[in-house]
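Heads up: the structure comes next, in structure tokens.
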Amino acid sequence: MAELSLSGAEPHRWLRRQSRWTGWEAAFWIAAFVPFLLFPTYLTLASQIAIAALFALSVDLILGYAGIVTLGHAMFFGLGAYCAGLITKAGWGEPISGLLVAGAFAAFAGFVVSFIIVRVQHLALIMITLGLGLLTYELANAMNWLTGGTDGLQGVDVWPLFETFDFDLWGYTAYGYALALLFIGVIVARRIVHSSFGLSLRGVRENLNRMPAIGSPYRRRLQTIYTISAGIAGIAGALLTQTTETVSLETLSFQRSADVVVMLILGGTGRLYGGIVGAVIFMVARDQLAGINPQYWYFWIGLLLMLVVLVMPKGVLGGLARLVAKVRT
Amino acid sequence: MKKADAVLRTENLTKRFGSLEVARDVSIALPRGARHALIGPNGAGKTSLVNLITGQLHPDSGRVLLAGADITTMPRAERVKAGLARTFQINALFPDLTPLEAVVLAVCERQGTAGQFWRSLSSHGKSIDEAFGILRQLRLDDVATRTTRTLAYGQQRLLEIGLALATQPKVLLLDEPAAGVPKGESTELFSVIAALPDDISVLFIEHDMNLVFKFASRIIVLVSGGVLLEAEPDVIRADQRVRDVYLGRAKHG
Amino acid sequence: MIVIFDGIAFGMLLFVLSVGLSVTLGLMNFVNLAHGAFAMLGGYVAVLTTREFGLPFLAALPVAFIAAAFVGVACERSLFRLLYRAGELNQVLFTIGVVFVASAIAAYLFGTGQQPIQLPGYLRGSVEIGDMRLGVYRLFLIAVALAITAVLVFGLEFTRFGARVRASVDNQRVAQGLGIDVDTVFAVTFALGCGLAGLGGALAVEIVGLDPTFAFHYLIYVLIVVSVGGLGSIGGSFAAATVLGIGDVAGKYFVPQVGSFLIYLLMVGILFWRPHGIFGRR
């Protein structure tokens with residue numbers, strides 16, 4: 001296939017093919033409507049999964065594509081969550097504008113942090129992201145006059161979406177809202193990933209040293225993607241606030257930062273849908289297993305993690321891709 | 001050669017690591033269209049000199065001038081934008097990208113369009129054409145859409161040059177371009193280098209004397225960080241000092 | 001003043017817990033977040049042997065060391081070595097998985113409550129030195145930590161094995177070329193590192209308690225000590241552990257609201273200024 005000599009038009013065609021929507025993607029989005037019809041009692045879980053998936057997507061942009069290892073991205077998730085909550089408490093409960101403001105706030109925080117992030121690597125980078133996440137948590141805990149501390153933010157009142165769809169206990173609005181935003185998130189991520197900017201991020205991931213040698217201001221690129229990623233994470237956090245009408249310190253916790261990285265490894269990094277697949281597996285498994293016994297959950301997820309890293313380091317999607325390639329030849 | 005004619009010039013570059021002097025008062029000049037070779041025994045400081053010129057190493061003293069402008073304190077990426085490119089002795093490629101993607105990236109970076117995250121890659125039509133043209137020139141068009149890590153070593157070395165060419169350099173520094181390449185392919189690789197446009201100044205580090213005498217119009221001999229001699233190939237071949245220091249040893253392989 | 005003393009004692013404990021990770025990280029570049037799990041293992045072994053088998057406390061310490069060292073080298077030979085070239089993220093995730101599993105097993109075997117440990121009479125209580133009442137156990141901790149430091153420094157500087165370790169840390173390939181069996185150096189050093197972690201865990205039970213979340217909780221402290229002190233630097237770990245110990249105890253005492261926050265902020269600042277740690281190389 002690729003062994004044939006390429007004529008002038010081939011490279012264009014090949015590049016266009018890399019960014020085409022595949023049948024799998026279409027199938028996924030159709031399947032995403034299934035919970036509405038077949039599992040209406042699980043709609044709350046479904047919207048949690050969609051939110052986790054959006055968060056995982058934001059981390060994939062920096063982890064899978066640019067190679068920035070982060071153990072503290074919940075910082076931006078939580079900042080977005082609290083911002084959205086505080087906006088409603090200040091009297092403005094319109095969901096979409098609240099969401100956008102929260103996202104912008106988180107993106108701004110990401111921009112500030114990015115100056116530090118692009119200047120460190122390896123263990124220092126991991127520790128700094130971890131440290132920033134932890135200190136944001138402590139700060140929020142200490143500022144309990146604003147955040148409600150360990151009790152969480154009370155009295156979050158979100159107005160109905162488009163003035164008609166109420167966020168109620170049935171969960172239809174919540175899931176529809178979350179799913180729509182996940183879809184938009186994927187569209188935006190696709191465009192970024194399949195642009196020359198996305199290519200330069202992959203260049204950074206593949207060989208950081210070569211980038212300045214081809215004249216690339218790679219630090220600026222990394223700062224841009226980190227800011228975008230923080231914004232998307234913030235939107236995911238705001239989504240959680242608006243659909244559950246609460247905010248807790250958990251949104252800033254190390255637990256959440258670690259969970260999202262686990263989801264990405266499960267699904268496979270750098271593949272756009274890896275975070276989504278990982279989120280589905282993780283959240284469904286946790287829902288089933290943690291219900292039985294919380295210790296059960298830790299044991300099995302730990303074992304699964306070890307297994308995936310050893311046997312399928314490219315995650316479920318990576319393993320599937322290898323399988324498909326084998327079947328083809 | 002008048003000073004004003006030199007596209008790349010170093011003035012008294014000096015660099016030491018503790019007691020080890022990797023560059024001693026090195027002053028060289030590259031005119032337009034040069035095909036100069038940099039030779040010397042192992043550890044003479046050849047790669048270090050290239051690193052000093054490109055900015056990967058900061059000199060203790062001395063200057064680097066590109067087309068008359070002092071670039072001694074310019075960051076690496078800016079020097080590339082000013083027209084100074086290099087290849088690496090050990091391949092510094094993007095293993096998971098295809099040659100097409102890698103060269104398109106380099107072209108977009110040069111054109112300053114690589115940061116446009118809202119435009120799809122396939123919309124950069126001209127850049128893609130230019131990139132493919134470079135690959136064709138290097139006879140890599142067959143493998144343009146195969147992952148770089150699956151390429152043969154000789155092809156990877158060619159891609160290494162391709163990435164540098166994509167930056168449209170005025171000066172090209174090649175660090176042992178044929179290193180590790182089987183004998184038969186290295187001549188072909190050098191014929192590609194010889195076919196480079198006349199206005200590019202090329203300085204290449206090489207150990208294989210046959211290739212050096214075949215392709216170089218002028219040779220600089222570096223020993224222990226300092227320039228021993230700089231002259232035409234015939235003069236170098238005949239010089240006793242060079243023989244003692246370097247050519248004598250080269251005969252033993 | 002007593003706060004400083006308590007802080008130093010806590011710092012010494014953190015040092016014993018962390019020095020193993022600093023050396024193995026500097027030597028093998030393997031991000032072993034399971035280090036906390038080995039410490040936890042040592043703690044549980046100490047509790048078990050003193051409670052069920054009636055072993056005296058001082059004898060339980062070397063048992064904890066040996067148990068952790070043994071399990072550690074078994075893990076290294078079988079699992080960890082497969083990941084030496086797998087990249088940081090994979091190592092981080094794999095070893096986090098190990099911590100999850102270890103925590104779950106500990107909860108299953110011992111329950112989720114705190115495990116008390118019986119100290120011998122001569123280690124309990126306090127003594128009067130000058131005009132301060134200093135806890136005997138804390139003095140014991142400081143003494144043990146200093147003894148370990150002396151043994152480590154002596155071992156690294158003056159023994160042939162130590163020389164091999166230093167060579168391998170400095171430049172693995174050259175060391176191999178010189179005929180040093182880097183594999184064995186790795187295994188023995190890793191065993192020592194885990195053993196020290198286990199010893200630290202056993203010592204920690206009296207000061208900070210022991211339950212299945214120990215592995216996580218103290219992992220963060222250990223990581224701070226190791227990254228700020230500098231990989232492969234015993235002196236760095238010592239200094240960083242002391243400062244962190246004092247800072248943590250003083251912080252919790254004087255400014256309980258923002259204590260941890262300041263520590264994290266300081267860590268971020270130091271790592272940004274010196275990414276390899278204050279005493280790190282490379």
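When the criteria are applied in full, A:Leu130 fails the requirement of being more than 19 Å from the chain's Cα centre (by Cα), buried (at least 22 other Cβ atoms within 10 Å of the Cβ) and of a type outside the set (Ser, Thr, Tyr).
Within region A:216-245, being within 14 Å of another protein chain (Cβ to nearest Cβ) and hydrophobic (A, V, I, L, M, F, W, C) holds for A:Leu222, A:Ile225, A:Ile228, A:Ile232. The condition of being within 14 Å of chain C (Cβ to nearest Cβ) and part of a helix (DSSP H, G or I) does not hold for A:Leu100.
If I ask for residues that are of a type in the set (D, E, K, R) and more than 7 Å from chain A (Cβ to nearest Cβ), which ones from region B:76-128 would you list? First the steps, then the outcome.
Step one: filter region B:76-128 for residues of a type in the set (D, E, K, R), giving B:76, B:78-79, B:81, B:86, B:96, B:101, B:109-110, B:119, B:126.
Hits for region B:76-128 are B:Glu78, B:Arg79, B:Lys126.
Which residues, taken from region C:80-105, are among the basic types (Lys, Arg) and either in a helix (DSSP H, G or I) or surrounded by 22 or more Cβ atoms within 10 Å (Cβ to Cβ) (or both)? If the condition is that a residue be among the basic types (Lys, Arg) and either in a helix (DSSP H, G or I) or surrounded by 22 or more Cβ atoms within 10 Å (Cβ to Cβ) (or both), then C:Arg81 is the only one that fits.
In region C:87-136, how many are of a type outside the set (Val, Ile, Thr) and more than 11 Å from every other protein chain (Cβ to nearest Cβ)? Even if it seems obvious, please write down each step before you answer.
Just the residues of region C:87-136 that are of a type outside the set (Val, Ile, Thr), to begin with: C:87-91, C:93-94, C:97, C:100, C:102-104, C:106-111, C:113-116, C:118-126, C:128, C:130-135.
Subset that is more than 11 Å from every other protein chain (Cβ to nearest Cβ): C:110, C:113-116, C:118-126, C:128, C:130-135.
Looking only at that region, the number is 21.
Exactly one residue out of A:Met143, A:Met211 is within 14 Å of chain B (Cβ to nearest Cβ), hydrophobic (A, V, I, L, M, F, W, C) and touching a Gly at 6+ places or on another chain (Cβ under 9 Å): that is A:Met211.
Within this structure, C:Pro256 fails the test of being under 22 Å from C:Ala69 (Cβ atoms), within 13 Å of chain A (Cβ to nearest Cβ) and not in a helix (DSSP H, G or I).
Count of region C:63-86 residues, restricted to those that are more than 14 Å from chain A (Cβ to nearest Cβ) and in contact (Cβ under 8 Å) with a residue 12 or more places away in the chain, is 13.
Within region B:42-121, which helices (runs of 4 or more DSSP H) (wholly inside it) include 1 or more residues that are within 28 Å of A:His194 (Cα to Cα) and in contact (Cβ under 8 Å) with a residue 40 or more places away in the chain?
Values: elements: B:46-54, B:76-81, B:99-111.
Qualifying helices (runs of 4 or more DSSP H): B:76-81, B:99-111.
Only a single item in (1) over 21 Å from C:Met12 (Cβ atoms); (2) not aliphatic (A, V, I, L, M); (3) not in a helix (DSSP H, G or I) is not met by C:Gly232, and it is number (1). The single condition among (1) closer than 22 Å to A:Met75 by Cβ; (2) touching a residue at least 12 places away in the same chain (Cβ under 8 Å) that A:Gly270 does not meet is (1). Looking at A:Ala104, A:Ala142, A:Ala52, just one residue is touching a helix residue (DSSP H, G or I) at 6+ places or on another chain (Cβ under 6 Å) and on the phi < 0 side of the Ramachandran plot, and that residue is A:Ala52.
No other residue among A:Arg328, A:Arg322, A:Arg286 is touching a Lys or Arg at 6+ places or on another chain (Cβ under 9 Å) and surrounded by fewer than 22 Cβ atoms within 10 Å (Cβ to Cβ) apart from A:Arg322.
Tell me, which helices (runs of 4 or more DSSP H) lie completely within region A:264-329 with 3 or more residues that are more than 8 Å from chain C (Cβ to nearest Cβ), modelled with pLDDT of 90 or more and touching a helix residue (DSSP H, G or I) at 6+ places or on another chain (Cβ under 9 Å)?
Details: elements: A:274-292, A:294-311, A:315-328.
Where helices (runs of 4 or more DSSP H) fall fully within region A:264-329 and carry at least 3 residues being more than 8 Å from chain C (Cβ to nearest Cβ), modelled with pLDDT of 90 or more and touching a helix residue (DSSP H, G or I) at 6+ places or on another chain (Cβ under 9 Å), they are A:274-292.
Only one entry in B:Thr14, B:Thr47, B:Thr10, B:Thr54 is among the hydroxyl-bearing types (Ser, Thr, Tyr) and under 20 Å from A:Ser216 (Cα atoms), namely B:Thr54. Residue under question is B:Glu206, and the condition is that it be among the acidic types (Asp, Glu), touching a Pro at 6+ places or on another chain (Cβ under 9 Å), in contact (Cβ under 8 Å) with a residue 40 or more places away in the chain and within 14 Å of chain A (Cβ to nearest Cβ); does it hold? For B:Glu206, the condition - among the acidic types (Asp, Glu), touching a Pro at 6+ places or on another chain (Cβ under 9 Å), in contact (Cβ under 8 Å) with a residue 40 or more places away in the chain and within 14 Å of chain A (Cβ to nearest Cβ) - is not met.
Scan region B:19-33 and tell me whether some residue there is free of Cβ contacts under 8 Å to residues at least 24 places away in the same chain, closer than 24 Å to B:Ala178 by Cα and either away from every other protein chain (no Cβ under 12 Å) or in contact with a Leu (Cβ under 9 Å, 6 or more places away or on another chain) (or both).
No; the residues of region B:19-33 include none that is free of Cβ contacts under 8 Å to residues at least 24 places away in the same chain, closer than 24 Å to B:Ala178 by Cα and either away from every other protein chain (no Cβ under 12 Å) or in contact with a Leu (Cβ under 9 Å, 6 or more places away or on another chain) (or both).
What do you reckon, is B:Leu163 in contact with a helix residue (DSSP H, G or I) (Cβ under 8 Å, 6 or more places away or on another chain), more than 26 Å from A:Ile228 (Cα to Cα) and assigned by TED's automatic domain parsing to the domain that holds B:Glu78? Criteria not met by B:Leu163.
The values are calculated or read from the model by the stated rules, or taken from the named source; none is laboratory data. The structure presented is a predicted model; accordingly, all values stated were derived computationally and were not measured. Quick reminder, even Gly has a Cβ in these numbers, built from the backbone with ideal geometry, and neighbours come from all protein chains shown.
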